[in-house]
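Below is one structure, written out as structure tokens; comments come after it.
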Amino acid sequence: MRSIRINRCWLALGLGLLAVGAAAAEREVNLYSSRHYDTDDALYEEFTAATGITVNVIEADADELVARIQAEGANSAADVLITVDAGRLFRAEQAGVLQPVAAASLEAAIPANLRHPNGLWFGFSQRVRSIIYAKDRVDPKAITSYRDLADPRWQGKICIRSSSNIYNQSLVASMIEGDGVEATEAWAKGLVANLARPPQGGDTDQILAVAAGECDLAVANHYYYVRLLKSAKAEEQAAAAKVNILFPDQADRGTHANISGAGLVATAPNKDNAIKFLEYLATPGAQTYFALGNHEFPVVEGAKLDPVLEGWGDFKKDTVNASMLGEHQAEAVKLMDRAGWQ
């Protein structure tokens, strides 16, 4: 059977998925996903081939999907919610749209810090918040920690995206967990004082700004750099060649690591199939698809790494439980606002 992909036109679709027959419903699982990578199609097809369960997919922004599940209530067709960043999974958790899963296979395969303590969601790949530096202007030995970004020596030399970006909110949340509110706020103020320009654009824009000489350092998730390295556009490859990547806090708690993850929807009509799908995502084969789709790090042993990531070798990642990134989210936003981080 072939996966059914339904894109952002979900508002016009209404409750179309509910029209399927009861017999067909027994052999399907409905995913509400904010991921949009080509390799996910192959992943779904392999799951169907192995189980006979058809995968139906609705794609939209994570907040839209959570709002849809809430609006649909008990009639929701959603079985599994898939999204990126623990902060967004926390929002789904707080909205009450997830239910716990107790599966020995998931607990055995996925490290405890990458899954919700009560089984409300599970991380299936990792992304790290790296520091990008200009090869010709920065000695990487001068940057060993995120804390160094607040050093006055970098005044006017740092690019970073807005405080409204959840990746930055989760980074600050992780620092609150490790260093406390007071120290993190002092750091944020120092960072703001060192900005080369007001926060603007996405992670790719920060990297390109370093390549263009607008700043010497930037903060970006690692896979944005890999995308530029592998780009089919000569100008993007040229930009990537002017910068390099480093992973801070190797002598401390490790580089901030976030997740792509999924959880079982509270009203899932195909609960058993949904749990089978979650268990499938934790197998080495599925992990390879899941991680390679966005050059992310798999979370289970035996999965293949993207060749670029493999070339970086082992490095230390922060092992704080990803749930704390959501727990500290509100405080992180307030802190960033007080620090003047636009």
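The values are calculated or read from the model by the stated rules, or taken from the named source; none is laboratory data. Keep in mind that this is a model prediction, so the values were computed, not measured. So basically every Cβ, Gly included, is an ideal-geometry build from the backbone, and we count neighbours across all protein chains shown. Quick note on the areas: whole protein, heavy atoms, side chains included, nothing else; ligands and nucleic acids left out. Shrake-Rupley method; radii C 1.70, N 1.55, O 1.52, S 1.80 Å.
Quick notes
- For the condition surrounded by fewer than 19 Cβ atoms within 10 Å (Cβ to Cβ), touching a helix residue (DSSP H, G or I) at 6+ places or on another chain (Cβ under 9 Å) and on the phi > 0 side of the Ramachandran plot, G119 qualifies.
- Test: residue in the range 84-98 that is under 21 Å from the mean Cα position of the chain (by Cα), surrounded by fewer than 18 Cβ atoms within 10 Å (Cβ to Cβ) and not in a helix (DSSP H, G or I): yes
- Of all residues in the range 27-56, those that are over 28 Å from A67 (Cβ atoms) have Cβ atoms under 6 Å from Cβ atoms of residues that are of a type in the set (F, W, Y) and surrounded by 15 or more Cβ atoms within 10 Å (Cβ to Cβ), 6 or more apart or on another chain, in A42/Y289.
- Within the range 130-147, being open to solvent by less than 40 Å² (accessible area, probe 1.4 Å) and either outside any loop (DSSP other than H, G, I, E, B) or out of contact with any helix residue (DSSP H, G or I) (no Cβ under 8 Å at 6 or more places or on another chain) (or both) holds for S130, I131, I132, Y133, A134, V138, A142, S145, Y146.
- Restricting the range 269-308 to residues that are more than 25 Å from N30 (Cβ to Cβ) and assigned to a loop (DSSP other than H, G, I, E, B), the residue that is least open to solvent (accessible area, probe 1.4 Å): D306
- Taking the range 162-268 as the region of interest, the helices (runs of 4 or more DSSP H) fully inside it that hold 2 or more residues being under 22 Å from K316 (Cβ atoms) are 166-179, 181-193, 222-229.
- Residue list for the range 309-342, filter: open to solvent by less than 20 Å² (accessible area, probe 1.4 Å) and among the aromatic types (F, W, Y): W341
- Meets criteria (in contact (Cβ under 8 Å) with a residue 40 or more places away in the chain, under 19 Å from L278 (Cα atoms) and surrounded by fewer than 18 Cβ atoms within 10 Å (Cβ to Cβ)) for A78: no
- Residue, farthest from R127 (Cα to Cα), within the range 157-188, restricted to residues that are among the hydroxyl-bearing types (S, T, Y) and surrounded by 23 or more Cβ atoms within 10 Å (Cβ to Cβ): T184
- Answer residue from the range 309-318, given it is part of a loop (DSSP other than H, G, I, E, B), among the charged types (D, E, K, R) and touching a strand residue (DSSP E or B) at 6+ places or on another chain (Cβ under 9 Å) and is nearest to A103 (Cα to Cα) among those: D318
- Residue pairs meeting the criteria (Cβ under 9 Å; at least 6 apart or on separate chains; first in contact (Cβ under 8 Å) with a residue 24 or more places away in the chain and within 15 Å of C159 (Cβ to Cβ), in the range 183-194; second open to solvent by 40 Å² or more (accessible area, probe 1.4 Å) and in a helix (DSSP H, G or I)): A193/P152; N194/P152; N194/R153
- For the range 189-239, a tally of residues being of a type in the set (F, W, Y) and either surrounded by fewer than 21 Cβ atoms within 10 Å (Cβ to Cβ) or in contact with a helix residue (DSSP H, G or I) (Cβ under 8 Å, 6 or more places away or on another chain) (or both) returns 2.
- Qualifying residue in the range 150-168 (condition: of a type in the set (S, T, N, Q), touching a Phe, Trp or Tyr at 6+ places or on another chain (Cβ under 6 Å) and at pLDDT 95 or above): yes
- Some residue of the range 64-71 being touching a residue at least 24 places away in the same chain (Cβ under 8 Å), closer than 18 Å to H36 by Cβ, part of a helix (DSSP H, G or I) and open to solvent by less than 10 Å² (accessible area, probe 1.4 Å): yes
- Condition met for D85 (farther than 30 Å from M324 by Cβ and modelled with pLDDT under 95): no
- Failed item in (1) in contact with a strand residue (DSSP E or B) (Cβ under 9 Å, 6 or more places away or on another chain); (2) farther than 21 Å from V243 by Cα; (3) among the small types (G, A, S), with A211 passing the rest: (2)
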